[in-house]
Amino acid sequence: MESGFLGDRRSLLNVSTTPFAQVGVSAKTTKRKESRIGMQPIAVPSNVTISLQGQDLKVKGPLGELALTYPPEVELTEEDSGFLRVRKTVETRRAKEMHGLFRLQKLLAFFNQKDFNFSADIPFFNVRTLTDNMVVGVSKGFEKTLELKGVGYRAMVQGKELVLNLGFSHPVKIEIPDSLKVKVDKKIIIFGKGEKVKITIVIVSGYDKCEIGQFAATVRKWRPAEPYKRIGVCYSDEIVHRKKGKDRKLK
């Protein structure tokens, strides 16, 4: 070990330096575990028809039809028992991320674009979950509920448009996709100190979970619930953490 000074020799700051040859570097690698969700088989109901040609999958049920093209890192196989199973074709990090549970890094609305490149536009996703959502969507469907909390906040369906009154000087009109069904209803909630308040709820249902989530997010972004009075548009299962306002100082 050698001793060296920083700055002037009269400085009291003294540091120790170690020769580079004495520093050891560990080259230990960590083995990645198999995804438990990715290994689970996908049950196909009797009222759902599966068409698998190479990397292209088409699912048809009583509610609609969906299609998806898989990247070359994974493959989908149909077993004799009628279950679908997702397997990796190569042992790479990207293949393991696709097979396992990872968050979407881009909006799910890109699935509906004509020039969407599955393997290039979204590097990390869960293939097994997307496949299961397709099967469940065309057989049972999905539903998402939005709550409008605020004085004068209302919603109504006019033809193929959802009209919202959210405190602006003009109503907000959002076009409803053909594959979705939007229903407006009333709901009684307990607000404040046990006070019962009737609010407007918007129920979005359909067979494409990605499109349902994107439409609900579009409605919510016009007036997200603020944290002080929790007034605005929020999901029915969303928890809005309330912030404490400024206290008045008595003089």
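Solvent-accessible area of D178, all protein chains in place: 140 Å² (probe radius 1.4 Å, heavy atoms, ligands and nucleic acids excluded).
Measuring only protein heavy atoms, the 1.4 Å probe finds S169 accessible over about 120 Å². A dipole drawn for the range 171-248 from +1 and -1 charges on Cβ atoms has a positive end, and of I189, A217, V202 the residue lying farthest that way is I189. Label separation (I37 vs K58): 2.9 nm, computed from points 7 Å beyond Cα along the C-beta direction.
Pairs exceeding 24 Å between alpha-carbon atoms, taken from K60/K173; K181/K209; K149/K243: K60/K173. In vacuo Debye scattering of the range 168-224, one point per C-alpha: log10 I(q)/I(0) at q = 0.14, 0.25 Å⁻¹? The Cα Debye sum returns log10 ratios of -0.51, -1.07. Determine the distance separating the Cα centre of the range 66-84 from the Cα centre of the range 191-251; give it in Å without decimals. Rounded to whole Å, the Cα centres lie 38 Å apart.
The values are calculated or read from the model by the stated rules, or taken from the named source; none is laboratory data. In this text the structure is predicted, and so the values were computed from the model without any measurement. Methodologically, a virtual Cβ is constructed for each residue, glycine included, from the backbone with ideal geometry; neighbour enumeration extends over all protein chains shown. What goes into the accessible areas is simple: the full protein's heavy atoms, side chains included, and nothing from ligands, DNA or RNA. Shrake-Rupley method; radii C 1.70, N 1.55, O 1.52, S 1.80 Å.
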